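Take a look at the structure below.
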Amino acid sequence: MLQRIQTVYMGLAALITIALVLLFPLYTNLETVVMAIDNPVVFFFFGFCSGGLLANIFNFKKRSLQIVLNRIIMFGFLITLGFAITDMIGSGDAKDVTFGLALLAPPIGVILIFLANKGINKDEKLIKSADRIR
């Protein structure tokens, strides 16, 4: 069942997260460029979220568990965003700091996971209605 749309959403969220975090900076100060690898807490949470998504793709037989794990991963993305913004604020003057593209990974991930959960719920309703017919 790897051809379902929610699998595409979860895989896309994981790949976008990995690509943005490894290739682009979190933020830039006047003289420094800060990558996610420079902050171990932020990097851990990004890894947790993207690894959890990749592992959750293979839970297609346990749809209720998949929904719960997706909600946990969404919460992890929000925690990641909070740690990244806290690190950015603590780095210096607010007027000297510019956002990097890696800070787009958590909101994109949350949106794609939300869409995946809608697809999983749709599958769950379809299967329950088919069970009533039998």
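Pick out the one residue from LEU104, LEU69, LEU81 that is closer than 20 Å to ALA19 by Cβ, modelled with pLDDT of 90 or more, open to solvent by 50 Å² or more (accessible area, probe 1.4 Å) and out of contact with any His (no Cβ under 8 Å at 6 or more places or on another chain). Steps first, answer last, please.
Working: LEU69 fails: closer than 20 Å to ALA19 by Cβ; LEU81 fails: open to solvent by 50 Å² or more (accessible area, probe 1.4 Å).
After applying the criteria, what remains is LEU104.
Residues in the range 39-51 that are more than 9 Å from the chain's Cα centre (by Cα) and open to solvent by less than 60 Å² (accessible area, probe 1.4 Å): 5 in all. Of the helices (runs of 4 or more DSSP H) that lie entirely inside the range 1-95, those containing 3 or more residues that are of a type in the set (D, E, K, R) span 63-90. Each residue in the range 3-38 was checked for being surrounded by fewer than 18 Cβ atoms within 10 Å (Cβ to Cβ) and hydroxyl-bearing (Ser, Thr, Tyr), and 2 of them qualify. Among residues of the range 52-66 being modelled with pLDDT under 90 and of a type in the set (S, T, N, Q), the one that is surrounded by the fewest Cβ atoms within 10 Å (Cβ to Cβ) is SER64. Residues in the range 72-88 that are without any contact (Cβ under 8 Å) to a residue 24 or more places away in the chain, more than 16 Å from MET35 (Cβ to Cβ) and of a type outside the set (Gly, Ala, Ser): ILE72, PHE75, THR86.
Filtering the range 113-130 to residues that are among the polar types (S, T, N, Q) and out of contact with any helix residue (DSSP H, G or I) (no Cβ under 9 Å at 6 or more places or on another chain) leaves only SER129.
The values are calculated or read from the model by the stated rules, or taken from the named source; none is laboratory data. None of the values given here were measured: they were computed from a predicted structure. Don't worry about glycine lacking a Cβ; one is built from the backbone with ideal geometry, like all the others, and counts go over all protein chains shown. Side chains are part of the model used for accessible areas, which takes the heavy atoms of the whole protein and leaves out ligands, DNA and RNA. Shrake-Rupley method; radii C 1.70, N 1.55, O 1.52, S 1.80 Å.
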